[in-house]
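All remarks here apply to the structure that follows.
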Amino acid sequence: MVPKKILIVEDEKAMRDLLAEILREQGHQIDTAEDGEIGYAKMKEGGYDLVLLDIILPKMDGLKIMQILEKTPPRQPITNIVILSNLGQVQAVADAVALGARGYMIKTDYTPDQIATEINRYLE
């Protein structure tokens, strides 16, 4: 697989670090953001093959980011946005998909290996 440029927008440090480690081991170029403002700043520049975007974030939530990007597209295209969610956010996930997210992953439903497999599916 050709290395891809991936942004992880996730406020939980353990999850952000785990995802970054798994994806770096696969040879991908990883960028991270720990809150919505930083995530939005990076997303508005664009150029990512994949953005893993949490919905509930400090400073600006993932849905707000997607609403802004829908009105003002990033400088460079973002190929895929995949929502990271926890159980109980069904409507928020549906809203994100309506705003252009390609899919979603419920964090608690996946082991690290399964996360890597699912991410690679979106990168194909």
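The values are calculated or read from the model by the stated rules, or taken from the named source; none is laboratory data. Because the structure is predicted, anything quoted here is derived from the model rather than measured. Cβ coordinates were reconstructed from backbone atoms using ideal geometry, including for glycine residues, and neighbour counts include every protein chain displayed. Side chains included, ligands, DNA and RNA excluded: accessible areas come from the protein's heavy atoms. Shrake-Rupley method; radii C 1.70, N 1.55, O 1.52, S 1.80 Å.
How large is the helix-only mean residue ellipticity at 222 nm for the chain, computed as the sum of -39500 (n - 2.57) over DSSP H runs with n ≥ 4, divided by its residue count, in deg cm²/dmol to the nearest 500?
On the way: 5 runs with 54 residues, N = 124.
Result for the chain: -13000 deg cm²/dmol, rounded to the nearest 500.
On average, how much accessible surface per residue is there in the chain, in Å², for a 1.4 Å probe, leaving out ligands, DNA and RNA? Walk me through the numbers on the way to the answer.
Numbers: 6440 Å² over 124 residues.
Per-residue value: 52 Å².
Within the chain, what whole-number % of the accessible surface is contributed by carbon and sulfur, with the 1.4 Å probe and all protein chains included in the calculation?
Solvent-exposed carbon and sulfur of the chain make up 51 percent of the total.
Given a Förster radius of 41 Å and the C-beta distance between Lys71 and Asp113 as r, what FRET efficiency does 1/(1 + (r/R0)^6) yield to the nearest 0.05? Don't skip to the answer; put the middle values down first.
Numbers: r = 38 Å, r/R0 = 0.92.
E(calc), rounded to 0.05, equals 0.65.
Can you tell me the convex hull volume per residue for the chain, based on C-alpha atoms, in Å³ to the nearest whole number?
89 Å³
Below 12 angstrom from the Cβ of Gln114, what's the summed charge of the other residues (Lys, Arg +1; Asp, Glu -1)?
Combined, the nearby Lys, Arg, Asp and Glu give -1.
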